[in-house]
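Working notes, beginning with the structure itself.
The values are calculated or read from the model by the stated rules, or taken from the named source; none is laboratory data. In this text, all values refer to a predicted model and were calculated from it rather than measured experimentally. Glycine gets a Cβ as well: all are built from the backbone with ideal geometry, and neighbour counts include every protein chain shown. These area figures cover heavy atoms from the full protein model, side chains too; ligands, DNA and RNA do not enter into them. Shrake-Rupley method; radii C 1.70, N 1.55, O 1.52, S 1.80 Å.
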Amino acid sequence: MADDKPATDGNHWRAESKHPKRGVPEGLWMRCPGCEATIFRKEAEKRLGVCPECDYHWYVSARKRIDQLFDDGTFEEWDGNLEPTDPLEFVDKSPYKDKIKVEQKRTGLKDAVVTGTGMIRARRVAFGVTDSAFIMGSMGSVVGERLTRAAERAVEQKLPLIIISGSGGGARMHEGMFSLMQMAKVSAALARLDSAGGLFISVLTNPTMGGVAASFASLGDVVFAEPRALIGFAGPRTIKATIRIELPKGFQTSEFLLEHGFIDRIVRRQDLQSEIARTIDYCGK
C-alpha cells in the first residue's frame with residue numbers, strides 16, 4: 001500500500017535548503033548610542049533623531065537641524081561662498097588645506113557652521129548652527145566671520161538671532177591666533193546686538209565644549225539645552241585629572257547645569273520649534 005506522506009529522505013531536505021533565506025534589509029535598524037537598544041530607524045527619524053526607548057538625543061547634521069526647525073522652503077543661506085584658507089600653512093598628520101578638502105567632501109559643508117534666515121512658526125529669524133562633524137565644530141576664521149555677520153544682520157534687519165551650538169572643539173589650532181580672535185569677535189557682535197535691543201536665543205546640544213561654550217554659546221538672553229547634552233569648557237576627564245577630586249554625579253550635563261543656573265530650560269528636540277516661537281513672542285521681538 002502506497003504511503004501518502006511526503007518523502008523525508010535526506011535528498012528532499014537538501015533540495016529545500018537550497019532556497020535562499022530572506023534577510024533583514026540593510027539600514028532598517030539602528031543601535032541607540034545611549035541605551036544601546038535596537039531601534040527601528042524610521043521610528044527614530046520620525047522622532048527627529050531621538051531614541052523612543054530612553055529619549056537619548058543623538059547627533060544630527062546642521063542641514064538636518066535646519067529641516068527640522070524651519071517652516072518648509074523658507075530658509076535662505078547667508079555667506080555660503082565663504083571658505084577657509086590656510087594662513088599658517090599648517091601641517092600635522094596632513095596639510096590643513098588637504099584636511100579642509102576632505103572634510104568638505106565628507107560633510108557637504110564649506111566649514112563647521114551654516115548661517116541664514118528663515119521662518120520658525122511664521123516668525124522670521126537670523127540663524128546659525130555649528131556642526132561637530134566638521135573638525136569637531138571648531139571655531140576657525142570662517143565660523144567666526146559667518147556668525148558675526150549673522151549677528152550684524154540681526155541688528156540691521158531687527159531680527160531675533162538663534163544659534164544652535166553643536167561643537168566639541170574650541171579654537172581651531174590649524175589657524176592659530178586667527179582662530180582665537182573669533183571668540184572675541186563673535187562676542188563683540190553679540191554685545192552690539194544686545195545694545196540695539198535685539199534678542200539672542202542660544203541652544204546648546206551634545207556636545208557644546210571649548211571656545212564655543214566659553215564665548216557665544218553662553219551669552220544668550222535665553223539659553224536652552226537638549227536633554228543630557230555635554231556642556232562645558234574642558235572635558236570631565238581632563239578636569240578630574242587636573243584638580244584630582246571626584247566630580248559631582250552628572251557633572252557638565254544639561255540637567256546639572258540647569259540645577260546650578262547656567263541654562264534656563266531643557267527643551268526636547270520635538271518641542272524646540274514651539275519653544276523658540278513662544279520665547280520670541282514673549283520678548284516682543
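Tabulated results
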read-out: Residues of the range 112-138 classified as touching a Ser or Thr at 6+ places or on another chain (Cβ under 6 Å), of a type in the set (A, V, I, L, M, F, W, C), buried (at least 24 other Cβ atoms within 10 Å of the Cβ) and more than 19 Å from Phe200 (Cα to Cα), total; value: 2
read-out: Single match in Leu147, Leu190 (criterion: part of a helix (DSSP H, G or I), touching a Ser or Thr at 6+ places or on another chain (Cβ under 7 Å) and not hydroxyl-bearing (Ser, Thr, Tyr)); value: Leu147
read-out: Residues that are open to solvent by less than 70 Å² (accessible area, probe 1.4 Å), within 20 Å of Cys51 (Cα to Cα) and in a helix (DSSP H, G or I), drawn from the range 217-276; value: Ser254, Arg269, Gln270, Asp271, Leu272, Gln273
read-out: Cys51 vs. criteria in contact with a strand residue (DSSP E or B) (Cβ under 9 Å, 6 or more places away or on another chain) and farther than 24 Å from Gly220 by Cβ; value: yes
read-out: Among the candidates Leu69, Leu88, residue that is modelled with pLDDT of 90 or more and more than 20 Å from the chain's Cα centre (by Cα); value: Leu88
read-out: In the range 140-174, residue most open to solvent (accessible area, probe 1.4 Å) [restricted to those that are of a type in the set (S, T, N, Q) and modelled with pLDDT of 95 or more]; value: Gln157
read-out: Some residue of the range 218-225 being more than 30 Å from Leu88 (Cα to Cα), under 17 Å from the mean Cα position of the chain (by Cα) and not small (Gly, Ala, Ser); value: yes
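For every residue, the table says whether it meets (1) surrounded by 14 or more Cβ atoms within 10 Å (Cβ to Cβ); (2) among the hydrophobic types (A, V, I, L, M, F, W, C); (3) more than 19 Å from Ser132 (Cβ to Cβ).
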| residue | (1), (2), (3) |
| --- | --- |
| Cys51 | yes, yes, no |
| Ser61 | yes, no, no |
| Arg65 | yes, no, no |
| Trp78 | yes, yes, yes |
| Leu82 | yes, yes, yes |
| Lys93 | no, no, yes |
| Asp98 | no, no, yes |
